[in-house]
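S.K.: Sending over a structure as structure tokens; questions will come in a sec.
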Amino acid sequence: MGVNGVIHVKKSELQAEIEQLKMDYIRIQGDLEKMESVGGRVTPLEKTLERMEKELAEKREQLDQMEDE
């Protein structure tokens, strides 16, 4: 555990998490396009993408903070 109960991850681990999130995002985006083309419900996939965008932004911010240290 780090300061204030926050677990500090290594820069390389954070970079790997970002890359994994990006790959998952691209996959889900493809799934969404397929669902749209057949008239399927896309709302759950859109919500997933929105959640992933927020998580990706948070992880990138963490990485930026690590690089500033």
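Every number here is computed from the coordinates shown, using simple stated rules; none is lab data. Since we're looking at a predicted model, the values are computed, not measured. Methodologically, a virtual Cβ is constructed for each residue, glycine included, from the backbone with ideal geometry; neighbour enumeration extends over all protein chains shown.
S.K.: With each run of n ≥ 4 DSSP H residues scored as -39500 (n - 2.57), what mean residue ellipticity at 222 nm is computed for the chain after dividing by its residue count and rounding to the nearest 500 deg cm²/dmol?
M.R.: Details: 2 runs with 53 residues, N = 69.
Computed ellipticity for the chain at 222 nm equals -27500 deg cm²/dmol.
S.K.: Another question about this same structure. Note down the relative contact order for the chain as a percent, whole number, built from C-alpha pairs under 8 angstrom at least six residues apart. Provide the component values of the computation, followed by the final result.
M.R.: Values: 26 pairs, mean separation 25.8, N = 69.
After rounding, I find 37 percent.
S.K.: Oh, and also: Please quote Rg/Rh for the chain to two decimal places, taking the Kirkwood radius as Rh and restricting both calculations to Cα atoms.
M.R.: Numbers: Rg = 15.5 Å, Rh = 13.7 Å.
Ratio value, two decimals: 1.13.
S.K.: Could I ask something else about it? Give the aspartates and glutamates reachable from Lys59 as a straight Cα distance under 16 Å; neighbours fewer than 8 places away on the same chain don't count.
M.R.: Glu13, Glu17, Glu19, Asp24, Glu50, Glu67, Asp68, Glu69
S.K.: Using each residue's phi in segment 56-68, evaluate 6.51 cos²θ - 1.76 cosθ + 1.60 at θ = phi - 60° and report the 3J(HN,Hα) Karplus result to the nearest Hz, with x for Gly and Pro.
M.R.: Each residue of segment 56-68 in turn: 5, 4, 5, 5, 5, 5, 4, 5, 4, 5, 5, 6, 7 Hz.
S.K.: I would also like to ask the following. What trypsin sites (Lys or Arg not before Pro) in segment 8-41 are in a loop by DSSP, with at most 10 other Cβ atoms within 10 Å of the Cβ?
M.R.: When the trypsin sites (Lys or Arg not before Pro) of segment 8-41 are filtered for loop state and at most 10 Cβ neighbours within 10 Å, Lys10, Arg41 remain.
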